[in-house]
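First up is the structure itself, then whatever we jot down about it.
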Amino acid sequence: MNQHIADEPYYLPIAADDPQAGGGWEYFTPTRSTASVWTSTIQHGGPPAGLLTRALRRAAGAGSGPNQATSEVAFSRITTDILGPVGFGTNRVRASVIRPGRQISLLEAQLQTKQEDGDYRTAATARAWQLHGESSSAIAHPPQPPMTPGPAELEIVRGVTPQTTAGVDWGTIGFIGSTETAWVDGRNGTTGAVWIRPLVPLVAGEETDALDSLAIVADVANGVGTTLDPRQWTWMNTDTTIHLLRRPVGSWIAIDSDLAIGPEGFGATLGDLYDEQGYVARTAQTVLISPPMFGRG
């Protein structure tokens, strides 16, 4: 396995290189900190999901008027669909509100990658529901108590390496090497739960928003919820859906997940997400199950 330690921000902002593309696009150069654990030629699903969430959040904040900062934007559901390999050529993203409303809004974002011929191809999309309800704090009812112990009470390591619980040792490959983790007994499946947070910014020169950070690490649920041997199987997710009860607080997220596998070459990773204050979200991923398809980078 490539044990490269990733210390660069996930994305470097650059000037637009396609003046005919129309407005709204932001352009980025992805760094090696985004690299997949399956192959070093594509990005892991986490950083693109974070970049799409950042675009959704900014579009939502722009549509909410000058009094709402983008750091206050909350979504009730975010779904990211991976349409193809997210490569290391120039990436560009944009987002818009496609269903505006006073109480219910739907937003959509696109991530495109530049191809060798100079054209851009859509590699991933995301949609988010933004609901503006009244306060329900008096009847709030999370489905699980907080995940304990918290990361401050546990041994923290670089990358994703189970310590005393079952799971896959991903080491410090690419994106995984840009995170730090701490393991705790889980409640779902046979593997432990993992506290995880990114160690590098999503975008160079910016502080990563807690919602973007959650989207970055939520993709990891598919990697920590199984004891499959990656030398014998691959289990790549084609999407990630996050149903949120509230906005996350802080950068630490606990993922407690389980990969369920059917008999026809696909399955689903189902998981619960927590921050240090308690339960935040439930996540689900569609998973393609197959023999190894890439050489390990």
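The values are calculated or read from the model by the stated rules, or taken from the named source; none is laboratory data. No experiment lies behind these values; they were computed from the predicted model shown. Ideal geometry is used to build each Cβ from the backbone, glycine not excepted, and the neighbour counts take in all protein chains shown. These accessible areas exclude ligands, DNA and RNA; they are computed on the full protein's heavy atoms, side chains included. Shrake-Rupley method; radii C 1.70, N 1.55, O 1.52, S 1.80 Å.
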Determine the sum of side-chain charges near ARG187: Lys and Arg each +1, Asp and Glu each -1, restricted to other residues whose C-beta is under 12 angstrom from that of ARG187.
-4
I need the phi-derived Karplus couplings for the range 127-134: 6.51 cos²θ - 1.76 cosθ + 1.60, θ = phi - 60°, integer Hz, Gly and Pro marked x.
10, 9, 8, 10, 10, 10, x, 7
Modelled label-to-label distance, ILE139 and THR161, 7 Å Cα→beta-carbon offset: nm?
4.9
For the range 136-248, what relative contact order do you get, as a whole percent, if you take Cα pairs closer than 8 Å and at least 6 residues apart?
21
So, R0 is 35 Å and r is the distance between the beta-carbons of ALA152 and HIS243; what FRET efficiency does that work out to, to 0.05?
0.80
Compute the FRET efficiency between ARG99 and TRP233 as 1/(1 + (r/R0)^6), taking r as their Cβ-Cβ distance and R0 = 30 Å, and round to the nearest 0.05.
0.15
Pick out, in residue order, every one of the trypsin sites (Lys or Arg not before Pro) in the range 31-131 that is DSSP loop and has at most 12 other C-beta atoms within 10 Å; say none if there are none.
ARG102
Work from the charge dipole of the chain (Cβ charges, +1 for Lys and Arg, -1 for Asp and Glu, about the Cα centre) and give the residue of LEU56, THR179, LEU12 farthest towards its positive end.
LEU56
The chain - percent of accessible surface contributed by carbon and sulfur, probe 1.4 Å
52
Among (1) 1.00; (2) 0.96; (3) 1.12, only one was calculated for this model; which label is it, if the read-out is Cα Rg over 2.2 N^0.38 Å?
(2)
For the chain, the dipole about the Cα centre with charges only on Cβ (Lys and Arg +1, Asp and Glu -1), to the nearest 20 debye, works out at 540
